[in-house]
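Take a look at the structure below.
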Protein chains: 2
Amino acid sequence: MKMFADCIPCFMNQALTASRMATDDSSVHDRTLRMAAAALAETDSTMTPPAMAQMIHRIIRTESGVADPYAEVKERFNAFALELYPELKRMVAESSDPFETAVRLAIAGNIIDFGASNHLRDEAVTIAIRESLQCDLDHGTLTAMREEIAAAETILYLCDNTGEIVFDRVLIEELPLERVTAVVRGAPIINDATMADAKNVGLTDLVRVIDNGTDAPGTILKQCDAELRSLFDAADVIIAKGQGNYETLSDVPRPIYHVLRIKCPVIARDVGCDVGSSLVTLRA
Amino acid sequence: MKMFADCIPCFMNQALTASRMATDDSSVHDRTLRMAAAALAETDSTMTPPAMAQMIHRIIRTESGVADPYAEVKERFNAFALELYPELKRMVAESSDPFETAVRLAIAGNIIDFGASNHLRDEAVTIAIRESLQCDLDHGTLTAMREEIAAAETILYLCDNTGEIVFDRVLIEELPLERVTAVVRGAPIINDATMADAKNVGLTDLVRVIDNGTDAPGTILKQCDAELRSLFDAADVIIAKGQGNYETLSDVPRPIYHVLRIKCPVIARDVGCDVGSSLVTLRA
């Protein structure tokens, strides 16, 4: 998905918020905002929003000297989601359709996205779980996904954010574990999950986890490690979590199951649904 | 008042909104946003927010080819305020303190500011009137202002926005009319009042009205006509309406009565009050 004009003010807001998370020094905020504006002025509309985010957050990290402004937020939401984990597992176990329930919970976990909003409260996660368990999902897509997973020899699961990765673990535990490779980001970017988070939430004890080698909040294939690219080409099923993976992969000519919550009007317009929608969709 | 980092994302939002008001052509929005970003990248923190706004809105007008994107909004709020005018006059006439009531109404009218918000509904004006009539005001400043006005030979009244200018008329009608010069902007900028609006709401039939010769949404003295500058230097009392006049004049070493509603957190911080406050304050 290409960027829209709306993305530019949104990234300027994100630059200010992240810069303030990194430092109290207002001269750093001023410099960062102007460098971000200069960088955005040079973009063109063929860029994806995560490519812009990558550029902006590199400026934020360099100017503040803080390698991971979201470290505390990430820690907090991993811990919060791990506390929820037994309850999530109980919901799946008691469900008449554990796979579908796990998909719905994975969508709910996608609310934990500090790219889309910087003011997330724990209650929002609880509300997202309730909404996601009750909302309409495309049952044709769910059935196809279930059947393809059953027949697949290799499943690539592209993770998204911290906290959310605990919800992904719940879904991954409903998949044939030995055939799954989970993918995290290669370096800190917004509140996206990295290898440290995969270890923290126990995902590395369950399935093979690799990182994609990049600091983009999505999957920009041409930037990714050769290993990821060949897994991507060869996988029988690809499950991509969240907006960042959708934005970077929606135009890739390859069947991908996108599992996400729609949090921004630009993606809502691209997908053709409302902000707040829960979605399982196959793009090919 | 100098700009803060917060102003940069805010102006990018304003650029997008105004550009969309001017045209449906998304290529114009894209180009405008990138040019605005480039211009903001070159600013420094000694600029006032209205100087930045002037720069951004020149880009919007040039790129869209629309000389006044806010023309319809301005027309609508002038008409709406003119409908309210008899009721505003009744409130003043029935008040135990007509001057204070007129000041309070002038503050209420300052809610009609499309620089601070682009989603203003008629109800917001009615609510602002109620709040402004009931809120605490600095009675020491009000008394000093009243006494200085009584003794003044020349009073300069710097207007702000369309719609609001009807509320200003109500306050101006409580002043010694023959000693008042009202000032409007020299050219269309956001929803600020120009000479056409002063005529439209009947202000030109009451007092002398001049324009300041600029398209800044404030009073940037060094850009203003010589006539305004000499009136500014010589006036016994200056009343400045709204945020734009505050931002451009708060550091000028000259006593000025600022009459406004605080609509943005940056000005709230500078003034030392909450967003939503009604204010009569003397800066010198």
Q) For the subset of the stretch B:267-284 comprising residues that are within 17 Å of the chain's Cα centre (by Cα) and free of Cβ contacts under 8 Å to residues at least 60 places away in the same chain, which member is surrounded by the fewest Cβ atoms within 10 Å (Cβ to Cβ)? A) B:VAL275
Q | Test: residue in the stretch B:110-125 that is surrounded by 15 or more Cβ atoms within 10 Å (Cβ to Cβ), at pLDDT 95 or above and of a type outside the set (S, T, N, Q) | A | no
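Would you call A:SER19 touching a Ser or Thr at 6+ places or on another chain (Cβ under 6 Å) and within 8 Å of another protein chain (Cβ to nearest Cβ)? Even if it seems obvious, please write down each step before you answer.
Numbers: touching a Ser or Thr at 6+ places or on another chain (Cβ under 6 Å): yes; within 8 Å of another protein chain (Cβ to nearest Cβ): yes.
It is true that A:SER19 is touching a Ser or Thr at 6+ places or on another chain (Cβ under 6 Å) and within 8 Å of another protein chain (Cβ to nearest Cβ).
Filter the stretch A:70-87 for residues that are in contact with a Pro (Cβ under 9 Å, 6 or more places away or on another chain) and open to solvent by less than 20 Å² (accessible area, probe 1.4 Å) and give the result. Step through it out loud before you land on a result.
Taking the stretch A:70-87 as the starting set, the residues that turn out to be in contact with a Pro (Cβ under 9 Å, 6 or more places away or on another chain) are A:70-71, A:74.
If the condition is that a residue be in contact with a Pro (Cβ under 9 Å, 6 or more places away or on another chain) and open to solvent by less than 20 Å² (accessible area, probe 1.4 Å), then A:TYR70, A:LYS74 are the ones that fit.
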(Q) Going through A:THR32, A:THR62, A:THR43 one at a time, which residue ends up being farther than 21 Å from A:ARG185 by Cα, at pLDDT 95 or above and of a type in the set (S, T, N, Q)? (A) A:THR32
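Starting from residues that are assigned to a loop (DSSP other than H, G, I, E, B) and either within 30 Å of B:GLU123 (Cβ to Cβ) or in contact with a Lys or Arg (Cβ under 7 Å, 6 or more places away or on another chain) (or both), keep the ones in the stretch B:156-187 and report whichever is most open to solvent (accessible area, probe 1.4 Å).
Going residue by residue through the stretch B:156-187, those that are assigned to a loop (DSSP other than H, G, I, E, B) are B:159-160, B:162-163, B:173-176, B:186-187.
Within this subset, residues satisfying the condition of being either within 30 Å of B:GLU123 (Cβ to Cβ) or in contact with a Lys or Arg (Cβ under 7 Å, 6 or more places away or on another chain) (or both) are B:159-160, B:162-163, B:173-175.
Numbers: B:CYS159: 2, B:ASP160: 6, B:THR162: 1, B:GLY163: 0, B:GLU173: 42, B:GLU174: 67, B:LEU175: 11 Å².
Out of the qualifying residues, it is B:GLU174.
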Q: Kindly provide the set of residues from the stretch A:22-54 that are more than 25 Å from B:SER27 (Cβ to Cβ) and either more than 7 Å from chain B (Cβ to nearest Cβ) or in contact with a Lys or Arg (Cβ under 7 Å, 6 or more places away or on another chain) (or both), ordered by number.
A: A:ALA22, A:THR23, A:ASP24, A:ASP25, A:SER27, A:VAL28, A:HIS29, A:ARG31, A:THR32, A:MET35
Q) What pairs come up if the first residue lies in the stretch A:130-147 and is not assigned by TED's automatic domain parsing to the domain that holds A:ILE111, the second is open to solvent by 70 Å² or more (accessible area, probe 1.4 Å) and assigned to a helix (DSSP H, G or I), and their beta carbons are under 8 Å apart, counting only those six or more places apart or on different chains? A) none
Q | Residue among B:GLU153, B:GLU131 that is more than 21 Å from the chain's Cα centre (by Cα) and open to solvent by 20 Å² or more (accessible area, probe 1.4 Å) | A | B:GLU153
Q: Go through the stretch A:7-16 and give me each residue that's surrounded by 19 or more Cβ atoms within 10 Å (Cβ to Cβ) and either touching a Pro at 6+ places or on another chain (Cβ under 7 Å) or at the interface with another protein chain (Cβ under 7 Å from one of its Cβ atoms) (or both).
A: A:CYS7, A:ILE8, A:PRO9, A:MET12, A:LEU16
Q.
Checking A:ALA37 against (1) in contact (Cβ under 8 Å) with a residue 60 or more places away in the chain; (2) more than 30 Å from A:PRO253 (Cβ to Cβ); (3) open to solvent by less than 10 Å² (accessible area, probe 1.4 Å): exactly one of these is not met. Which one?
A. (1)
Q: Mind telling me which of the residues B:ASP113, B:ASP97 ends up being away from chain A (no Cβ under 14 Å) and touching a strand residue (DSSP E or B) at 6+ places or on another chain (Cβ under 7 Å)?
A: B:ASP113
Q. Only one of (1) among the charged types (D, E, K, R); (2) free of Cβ contacts under 8 Å to residues at least 24 places away in the same chain; (3) over 27 Å from A:THR23 (Cα atoms) is not met by A:ARG121, so which one is it?
A. (3)
(Q) Here are the criteria: (1) closer than 19 Å to B:GLY202 by Cβ; (2) free of Cβ contacts under 8 Å to residues at least 12 places away in the same chain. Tell me which single one B:ALA106 does not satisfy. (A) (2)
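The values are calculated or read from the model by the stated rules, or taken from the named source; none is laboratory data. Bear in mind the structure is a predicted one, so any value in this text is a computation, not a measurement. Quick reminder, even Gly has a Cβ in these numbers, built from the backbone with ideal geometry, and neighbours come from all protein chains shown. Note: areas computed on protein heavy atoms with side chains; ligands, DNA, RNA excluded. Shrake-Rupley method; radii C 1.70, N 1.55, O 1.52, S 1.80 Å.
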